[in-house]
Amino acid sequence: MRQATFWGVIRSDAIYGLRRLWQTKVTSAAAILSLGIAIGACTSSYRLLDALLLRSLAVAHPERLYSVAYQSADSVDGRPSTYDSNSYPEFLRMKAAVQDHARMVAVSYADRSDLTYGGNEEMEKAFTQYISGDMFSVFGLRPALGRLFGAGDDGSPGAHPVAVIAYAYWTARFGRDRSVIGRTFRMGDGLFQIVGVAPEGFAGTETGLPVDVFLPMAMKTRTTLESWNNFWLRALVELNPGVAPSVVRESLSATHRAVEEQRAQSMVLTPSQRRALFKDALVLAPAGSGRSNLQRDYRDSLIALAVLVGLVLLIAAANLANLMNARGVERAREMAIRQSLGASGARLLQLVLIESAWIAAAAMLAGVGFSNWATPTVAGWINGPDTPIHLSVPLDGRVWAFSLGVALLVTLLFGLPPALRMRGGRPAVSLRGGNATPQRRRLMQAWVSAQVAFCIVVVLVAGMFVRSLDQLSRQPLGYHSDGVLNLESVARPALPAVYWGQVAERLRSVPGVASVAIAGWPLMNGESAISAIAVQGVTAETFADRYGVSPGWFQTMGIPLVRGRDFRPGEAVAFTRSYGPAIVNESFARQYFGGLDPLGRTFTIVDGRGGNTALQVVGVVGDARYRDNLRLALRPMFYLPFGSSAGSAAGPAPTRGTFVIRAAPGVAPLTLASALRAAVVGARPELRVSNVLAQTEIVASKTIRQRVLALLGLFFGGVAVLLAAVGLYGVLEYSVRQRRRELGIRMALGARGWHIAGQVVWATFMMVGLGAAFGIGAGIACARYFAALFYGVRAADAGVLGVPLLLLGVTAGLAALPAVLRALAIDPAAMLRSE
């Protein structure tokens, strides 16, 4: 009977709460919509954080997994930078040093490679990763089909051309065909056989870049595997049970220092370069959720967005608190009658909380729906033109639990205090109409002050994101990217530079093509090559960037030739260690030749093993952006003939290169892609175009993160302003309603309109000013904490601070106008008659 009565009361209160919400449809819908957007934004932020930083890898013991990383003494915006690249010989030495305390595996950086299956000569892209043979067993993984790698697959280089494909790749590419075992594919000059399928849910250790094909570490080239100076892999450590990370870190640090001593003895270094080898400290970074450059690049961005959406949630919750306060005043007489008829305080509390719960539940459903659209959309924005990102953001039980938790938290924190005040009211006073409105009004004004402070922080940070994007977009490139198309191509077998030149000549005859040149790779695509150089016998304290290009490349890219000449046809063939032509940029000429004329002067490439190459400067060109980070200053750089022995990693017979095409005026470069592909194959069957990229796409991809932050910042800033305006309007409207009689009497006694307007807005606007002051201080502190996310802008700049303050003033004025007009429209005679 008691249970039946209890649930009957709950059901009755729930139905009554729904009726109350329906009676105030407009205000209830506004509260639900604003809170729903805030909960949805919080849920989306959580899903992105979870996908990138929180969700554990599908391995046996993610809590014991670490990555060997190095913390640089050089700081970025006041914070130490961290990197985690290692050479394979050093990894083997580290693995032996800690074998009693931990197990180590090596994984290369995931790379987008060109594959061909069977007799099909069409290339397709897939993410590949070289791994230690025992990685699967260390991670406790079993095959979904076939077999996985074992320690035996780490034998002599090139002895085990086998591959394991990921479960998702098996599903998408082969439709889960079980006969995939035994199939072969070609990658570069190697032929690999598929021997197994990895378990479902495991796609490598690079979060955001799911690996399609795993290859044994021993299938890397012998030169790469034996090099102490080629840093191309991550070293992962799984601690044995009960072993502290500090124990393993000490052993690894000692091993790393010994390796650096060995490297220093084998190279010709200046004192500064020698000190640089030992300045970085080895650390063990947690890797239970994976380890990737995407995490490094977006960690602070996602945390900053989480802070912004948290503030938006607080603004929406403050609106809910003010709504419940206002309803408490309106229902004071109803609550007094209920108390007089015997209703207990607990029953009144239950009645009000159920109404708040209805609002929170509806807002939660709206928020989850909003998140289900917003999360994949934002994740899609992160994609670059040649690096598709995949973040798993399922709408699972964890997401629902998070949304429910946020809704309950909002209900308890912002719905409970008004409910307690309603329960604690005095029936006799309420029945006489004597509500304690001044206290409620001050409380609502305090909530408005908090809303304004939060709004200022959100708008200030959003404005800095937009200004940073504008500053980065204005960075000089040094070349004209419009109309340029890059055809990344591979040769099988390797082709001498003269044959690449013949293909370029064939491409010049394609209709719509203005000019064609060749380079090692597209500018700003993330690849780079550097060399230590000696000028007048003195080794430089810094490295210079190196790039191989063909004659006519500077003209095709629109880079001005300041002095001297371009490369000539055939100079790549004539290139020797005793002489080779080089073209330098203006930064190189300034830094290494001072005010002297660089033409005819020589410098030397120092490779650290005595195999130096002498170069003579034949030309000087304008500075052009080579690296993919727009925040970095333009560096000293020298150019070598494409296909020369020092201008290409492959030497005089490159295995890959990029045809750089400038389209004729009025021709969209991407419309030429099909004709250019066919022309390449027609000119030399040994060549295949592996990728086509417009230079404008590459440049735009370098501001993806800032663009995402600017777009989301603008959205959240707009929502914050809207919610703050709604809150301010609600408080002023409530104030006018509660003071109608007082204001009418003042008007009957001769008060002027401006005096009445001041009576309406003065106290609230004082709280707005107080909130703005706190908001500016908090916004500046927040901007300083996330300084690494901004470029060329400071929170304390007058132009930056002026935007949120101006926006706040306009918003406050518009929100106050209806309340002022309503106050001025009060009929004094009617108020006196009611008295």
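Remarks
- Simple spin-label estimate for Asp100 and Glu260 gives 2.5 nm between the two label positions (7 Å along the Cα-to-Cβ direction from each Cα).
- A full extension of the chain between Val810 and Ala159 corresponds to an added length of 227.1 nm, given 0.36 nm per residue minus the alpha carbon distance.
- For the range 91-189, the fraction of C-alpha pairs more than 20 angstrom apart is 47%.
- Phi to ³J(HN,Hα) by Karplus 6.51 cos²θ - 1.76 cosθ + 1.60 over the range 510-521, Hz, x for Gly, Pro: 5, x, x, 9, 8, 7, 9, 9, 10, 9, x, 6
- Put simply, the amide H of Ser67, placed in the peptide plane, has neighbours under 5 Å in Val237, Ala285, Ala287, leaving out anything fewer than 5 places away on its chain.
- The range 482-589: relative contact order as a whole-number percent, Cα under 8 Å and 6+ apart: 20 percent
- R0 of 41 Å, Cβ-Cβ distance Gln193-Leu722: FRET efficiency to nearest 0.05: 0.10
- The range 65-224, relative contact order [Cα under 8 Å, separation at least 6], %: 25 percent
- Anchor Lys25: lysines whose Cα lies under 23 Å away (excluding residues fewer than 8 positions away in-chain): none
- Nearest-0.05 FRET efficiency for Arg222 and Ala668, computed from C-beta distance (R0 51 Å): 0.70
- Protection proxy ranking of 590-603, 544-557, 782-795, by the mean of other Cβ atoms within 10 Å over each peptide's residues and highest first, is 544-557, 782-795, 590-603.
- The accessible area of Trp400, taken with all protein chains in place and a 1.4 Å probe, comes to roughly 100 Å².
- Highest average packing first - 52-64, 494-506, Cβ atoms within 10 Å: 494-506, 52-64
- Shown are Thr24, Thr116, Thr223, whose ranking by accessible area with a 1.4 Å probe and every protein chain present, most to least, is Thr223, Thr24, Thr116.
- Subtracting the Cα-Cα distance of Leu824 and Leu404 from 0.36 nm times their residue separation leaves 146.8 nm of extension gain.
- Label point distance in nm, His390-Thr184, each placed 7 Å from Cα along Cα→Cβ: 2.7 nm
- The range 33-44 - phi-based ³J(HN,Hα) in whole Hz, Karplus 6.51/-1.76/1.60, Gly and Pro as x: 5, 5, 5, x, 4, 5, 5, x, 5, 4, 5, 5
- Given their separation in residues at 0.36 nm each and the Cα-Cα distance between them, Leu349 and Ala675 gain 109.9 nm when the chain is fully extended.
- Cα→Cβ-extended label distance, 7 Å offset, between Asn383 and Leu412, nm: 4.1 nm
- Sites Arg147 and Ala361 - FRET efficiency at Förster radius 45 Å, r taken between beta-carbons, to 0.05: 0.35
- If you look at the Cα atoms of the range 163-303, you get an Rg and a Dmax of 19.6, 59 Å.
- With all pairs of different C-alpha atoms in the average, the Kirkwood value for the hydrodynamic radius of the range 613-714 is 17.4 Å.
The values are calculated or read from the model by the stated rules, or taken from the named source; none is laboratory data. Every value quoted in this text rests on a predicted model; they were computed, and no experiment measured them. Backbone-built Cβ (ideal geometry, glycine too); neighbour counts: all protein chains shown. Accessible surface areas use protein heavy atoms only, side chains included; no ligands, DNA or RNA. Shrake-Rupley method; radii C 1.70, N 1.55, O 1.52, S 1.80 Å.
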